[in-house]
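Inspection log for the structure reproduced underneath, given as structure tokens.
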Amino acid sequence: MLDCPLVVILGHDSCGAVSAECAALEDGMAPTGYVRDVVERVTPSVPAARAAGHVEPAEILAEHVRQTVDLLLDRSRVLAEKVAVGQAAVVGLCYRLAGGSAQLVAARGLDAGVTASS
């Protein structure tokens, strides 16, 4: 693992994968080819967001970013250990393309002075 103290998961608005998965759940038609591979990574996030009452694309994207942060920590023991002892942090951001701003939606391993919904 790289000796990197901060890992950033960055989602962006107008995400085609989120839109395609929402459409697939609505009409039952899954995309094909490489798009399907990308969309399948989003699949668990859409029902989870909807179950929590989130239906707007930005809310679904934020849920996907949060789930990706947690998945990364679940699958990387080395990173999870570094986060646990304060040697690294993983954050999830949602980037707004038009405005150029990012919103923090998940933070694992940061000081209590930084807040994020999780």
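The numbers here are math on the coordinates, done by the rules we state, and not lab data. Just so it is clear, the structure is predicted and the values come from calculations on it, not from any experiment. Backbone-built Cβ (ideal geometry, glycine too); neighbour counts: all protein chains shown.
Contact map, the stretch 87-107: residues that are farther than 14 Å from ARG66 by Cα paired with residues that are of a type in the set (Lys, Arg), Cβ distance under 6 Å, separation 6+ or inter-chain. Pairs shown: ALA88/LYS82.
Considering each of ASP70, ASP27 in turn, give the residue that is within 24 Å of LEU110 (Cα to Cα) and of a type in the set (Asp, Glu).
Values: ASP27 fails: within 24 Å of LEU110 (Cα to Cα).
Testing whether each residue is within 24 Å of LEU110 (Cα to Cα) and of a type in the set (Asp, Glu) leaves just ASP70.
Restricting attention to the stretch 51-101, the residues that are closer than 23 Å to SER14 by Cβ, in a strand (DSSP E or B) and under 13 Å from the mean Cα position of the chain (by Cα) total 5. Looking at the structure I just gave you, is LEU10 within 15 Å of LEU93 (Cα to Cα), in contact with a strand residue (DSSP E or B) (Cβ under 7 Å, 6 or more places away or on another chain), assigned to a helix (DSSP H, G or I) and of a type outside the set (S, T, N, Q)? So LEU10 does not fit the description; no. Is there a residue in the stretch 59-75 that is touching a residue at least 60 places away in the same chain (Cβ under 8 Å) and touching an Asp or Glu at 6+ places or on another chain (Cβ under 6 Å)? Among the residues of the stretch 59-75, not one is touching a residue at least 60 places away in the same chain (Cβ under 8 Å) and touching an Asp or Glu at 6+ places or on another chain (Cβ under 6 Å), which makes the answer no. Scanning the stretch 33-50 for residues that are part of a helix (DSSP H, G or I) and hydroxyl-bearing (Ser, Thr, Tyr), which turns out nearest to THR68 (Cα to Cα)? Here the answer is SER45. Filtering the stretch 9-24 down to residues that are loosely packed, with under 14 Cβ neighbours inside 10 Å and not hydroxyl-bearing (Ser, Thr, Tyr), which residue is farthest from ARG108 (Cα to Cα)? Only one residue tops the list, namely GLY16. Condition test on ARG66, is it closer than 21 Å to TYR95 by Cβ and of a type in the set (Lys, Arg)? Yes, satisfied.
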